[in-house]
Every structure is written in structure tokens, then in C-alpha cells.
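To keep things clear, I will list the structure first and then write my remarks on it.
The values are calculated or read from the model by the stated rules, or taken from the named source; none is laboratory data. Everything quoted here is computed from the prediction, not taken from an experiment. So basically every Cβ, Gly included, is an ideal-geometry build from the backbone, and we count neighbours across all protein chains shown.
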Amino acid sequence: MMDLQEMVDELQREAQAAVLAAKDLDALQQLRIKYLGRSGVIREQYKQIGQLPEEDRPLAGQALNKATKMLEKLFDGRTEALTRQAEQDKLAADSVDVTLPGRVPAGGRQHPLLATMDEMIEIFLGLGFVVAEGPEIEDYYHSFEALNYPEFHPAMAEQDTFYITDDILLRSQTSTVQIRAMEQQEPPVRIIVPGRCYRRDTVDATHCHTFYQLEGLLVDEGVTFADLKGTLEIFAQQVYGDRCHVRFRPDFFPFTEPSAELALTCTLCDGKGCRVCSNTGWLEVGGCGQVDPNVLAGVGYDTERYTGYAFGVGIERFAMLRHGIDDIRLLYSGDMRFLAQF
Ligand code: DAH
């Protein structure tokens, strides 16, 4: 009898060690089959009871029952522990480490040229202008004839336009949209026209075959040159601050009379004179003037009743001054090393 008890104890110890060493639920299941299964170790021991003397059998039975209960408890406990462990492992594997630095997506940004354009547009919207647009592929009439260019006028040839046919061309100035806008509405007209223009210019640090202009046109009763001057002065100060002023010098454009060249106080030297303004203290940014009555008459406006002013400036110039860009080609290069700075 003592032998059996010892054997049962030994069996329990061995099973206990094996169960605790089981690494996962599969291994544990194999052990359960080995000890408690239909042809397991315990079952084998029960079969041996028949071989014992009659009087020893009850005690042997009790010992095996106890061992069976004990092993069942042992297996259940370990099953529970391993199940919990498996759940925790899964959670840990699925979890997000919130302390990891984020991956910053390569974000797109507005191009410095268009950002400058938007800023200029904002200022004029604040002054009551609305944005108008027109085609980049234009006809001769809207490009020159309606803008009061006489046939074979040198100013026209000077522009060295990209012609597609004799009559169709890439517009060389946004002034074309003055005509298109006036054809579509009666005065008062208060428009600005941001847009792309093309000229057969040789490309260098300050010229490009493709460039942007911002055109302005105001037509109403009693509009004078003083209104033009005041509007552009306000614009200049909103862009560059109160110390910036406008300068007008006589110029010629077929569609304005009188015409003026528009210059702003050089923002880099505050008007004192520097390399960028060729020591003049002024930067030329475009042209302007009183709309020529011939232009107004051409779109059917009553020239006795209405007068107007117009202006046109290059947007690249503003963008380059604003950011200290010394080569216009950078604006069209698409070079990420340049663009990433803005
Ligand atoms: N269109 C002219 C140019 O491209 C600029 C200009 C001058 C526009 C006078 C105007 C203006 O509206 O009145 O050089």
C-alpha cells in the first residue's frame, strides 16, 4: 500500500512540474491527455487496483481519486493562467506606442508666386474690386485692336508675341481681359485680373517667356487720375507698409491716356538707394493710366458719362522682392530644394 501512495505522490510531483513548465495551451492539452486522458497515466493506475489485495483496494482508490482531483485543479489553474497570458500577449502585440515620434507626411504647400498673388488679390478685394478672368489663348482683336493699338504700331511688335495663327495668340498682357469684362457688363466696373501671360522673351534672371500679371480696371462716373493714385498708394502700403509710396512717371500705352510708369519705394533700402533699385530708391512694378476714351467707345460705353483708370503689375516682381529671390527662373523650376523653403 505504501508503495502505491508513494507512487501517487511521485506522479503528482512530476505532473505538477510538467504543468508549470507548459509554455502554451497546446502543450498543456497534451499533458492533460497524458495524465488524465482515457488511456492516461491515472487511468492505468486505476486498472492496477484489481491486482492489489482486497483490503488495500479502497485506500488505493481514495488515493487515486484525490490525485485525480488535485491534477484537475492543477490543470484548470494553469489553463486559466495561460489563457490570460495569451490575451495579454495579443493586446501587447496590437497596442500602439503613443510615445513614438509621428511620421510627418510630406505636405504640399502653396507656391510662393501664387501665395503672393493671393495676398495682392486680398488687398483689392478689400477695396471693393472683384476678380475677373479671361482666356490665355486670345484673338488679335482683344489683344491689340480693342486696346487701341493702331495697325503696325511698334508697341505691338515690341511685345514679340507667340502667335498660333495670324489671328490667335498667347496673350502677352492681362489688359485683354479689360475688354472682355467691359463687353459683358455696363459700368460701374471694378475688376482685378490675376493671370498668366506669355512673351517671346529671352529667358534670364529677370525675364521669362511665361509670367503673371495683376491687372486692374475701374470705370464709373467721375473717375480721375487722383483715384488711381490713391488706390495704388493704399495698395503699396498694404503690401509693404506705411513708408512705401508710389511714383508716377509719364509713359505710353495705347489703351491709356495719360499713361504712367508705376514705381514703388524700394523696400530693401527704404528708398535710400541700393543695388536692387540701381541706387534710385524706386522699383518699377508696372504701368497704369486713365482709360483711353477710344477703348471705352469700342465696347459701347458712353464716354461723355464714364471715365476710368487701369493698371497692370508683374506678380513675379512682388514675390521676388518679398522673399529676396534673385532669379525669376527659380519660380518656374519646380526645384524642391528651392520650394521647400517656403
Ligand atoms: N499691359 C501693360 C504691360 O503689359 C501694363 C499696363 C500698363 C496695364 C498700363 C494697364 C495700364 O492696365 O493701364 O506692360
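Of note:
- Flag if residue 165 is surrounded by fewer than 19 Cβ atoms within 10 Å (Cβ to Cβ) and part of a loop (DSSP other than H, G, I, E, B): yes
- Residues within the stretch 253-274 that are touching a helix residue (DSSP H, G or I) at 6+ places or on another chain (Cβ under 9 Å), modelled with pLDDT under 95 and surrounded by fewer than 17 Cβ atoms within 10 Å (Cβ to Cβ), tallied: 1
- In summary, residue 245 fulfils each of the numbered conditions (1) within 16 Å of the ligand (Cβ to nearest atom); (2) within 13 Å of residue 282 (Cβ to Cβ) with the single exception of condition (1).
- Only one of the numbered conditions (1) away from the ligand (no atom under 13 Å from the Cβ); (2) closer than 23 Å to residue 295 by Cα is not met by residue 149, and that is (1).
- Residue that is assigned to a strand (DSSP E or B), closer than 28 Å to residue 319 by Cα and of a type in the set (A, V, I, L, M), where the choices are 123, 192, 179: 192
- Checking residue 277 against (1) surrounded by 20 or more Cβ atoms within 10 Å (Cβ to Cβ); (2) within 16 Å of the ligand (Cβ to nearest atom); (3) hydrophobic (A, V, I, L, M, F, W, C), the condition it does not meet: (2)
- Scanning the stretch 229-247 for residues that are in contact with a helix residue (DSSP H, G or I) (Cβ under 7 Å, 6 or more places away or on another chain) and farther than 18 Å from residue 124 by Cβ gives a single hit, 245.
- Among the residues of the stretch 191-242, those identified as among the hydroxyl-bearing types (Ser, Thr, Tyr) and within 15 Å of the ligand (Cβ to nearest atom) are 198, 206, 210, 212, 224, 231.
- The stretch 27-58: number of residues that are within 60 Å of the chain's Cα centre (by Cα) and in a loop (DSSP other than H, G, I, E, B): 0
- The stretch 42-61 residues that are among the polar types (S, T, N, Q), paired with ones that are at pLDDT below 90 and assigned to a helix (DSSP H, G or I) (beta carbon under 6 Å, 6 or more apart): 45/64
- Selection status of residue 61, assigned to a helix (DSSP H, G or I), assigned by TED's automatic domain parsing to the domain that holds residue 7, over 60 Å from the mean Cα position of the chain (by Cα) and within 21 Å of residue 10 (Cβ to Cβ): yes
- Within the stretch 171-222, the set of residues being of a type in the set (Lys, Arg) and out of contact with any strand residue (DSSP E or B) (no Cβ under 8 Å at 6 or more places or on another chain) comprises 180, 200.
- Given (1) within 57 Å of the chain's Cα centre (by Cα); (2) loosely packed, with under 12 Cβ neighbours inside 10 Å; (3) without any contact (Cβ under 8 Å) to a residue 40 or more places away in the chain, index of the condition residue 73 fails: (1)
- Condition met for residue 303 (assigned to a loop (DSSP other than H, G, I, E, B) and in contact with a helix residue (DSSP H, G or I) (Cβ under 6 Å, 6 or more places away or on another chain)): yes
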